[in-house]
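Values quoted throughout were computed directly from the atomic coordinates according to the rules given, and no laboratory measurement underlies them. Given the structure is predicted, the values throughout are model-derived calculations rather than measurements. Every residue, glycine as well, gets a Cβ built from its backbone with ideal geometry; the counts of neighbours run over all protein chains shown.
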Amino acid sequence: MLTKDKSDVNNEEDEAIEHNNISDSSKRSSKKISKLMFAGILLIAAGTLSIMVLITYVIIDYPTIGSMGIMVSFFPILGGIFALLKKGWLISLFGGIVGILFSAGIISIILALVAFLIIVFSRKEFQQNIDWSLFKRKKED
């Protein structure tokens, strides 16, 4: 049987870490979640929670209010997506405002308020230009 010394195993592990084959636990802990990522996740959670509450409105007794609320609840989700991408400060801000004013349920309002405050204070982290080419139609020749 082949046996290896502990020093040989440690040397191989160090070499693998240096070559990025194995991620070191200290490397994983050094990755921080950014403020905008946190705000984006909060806005998406607020919009999703609001949609879930409004679906019960549609099912139980208030189909008009519930369906309009579901449509409006997509704005916080859109704002959260733009916050995750660090693009479109105004769109993210608008998503936070809509989440605060039109969310169904106190928890989604609190989530949207916290996300709104983070977005307001993190304006400098957003990229200035939005690539709108994703939304444009391609011209057919």
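On full extension, the segment bounded by Ile106 and Glu125 gains 4.0 nm, given 0.36 nm per residue less the C-alpha separation. Both the radius of gyration and Dmax for the range 35-126 are 12.7, 45 Å, in that order, over alpha-carbon atoms.
With 0.36 nm allotted per residue and the present C-alpha distance subtracted, the Thr56-Leu90 stretch has 9.2 nm of extension available. Residue ranges 35-44, 59-68 sort as 35-44, 59-68 when ordered by packing (mean number of other C-beta atoms within 10 Å per residue, highest first). Cβ-Cβ distance of Leu117 and Phe74, R₀ of 22 Å, FRET efficiency by 1/(1 + (r/R0)^6): the value works out to about 0.55. Across the range 35-126, C-alpha contacts under 8 Å between residues 6 or more apart give a mean separation that, scaled by the residue count, equals a relative contact order of 38 percent.
If you add up the charges near Gly79, with Lys and Arg at +1 and Asp and Glu at -1, over every other residue whose beta carbon is less than 13 angstrom from its beta carbon, what do you get?
Details: positive: Lys86, Lys87; negative: none.
Result for the neighbourhood of Gly79: +2.
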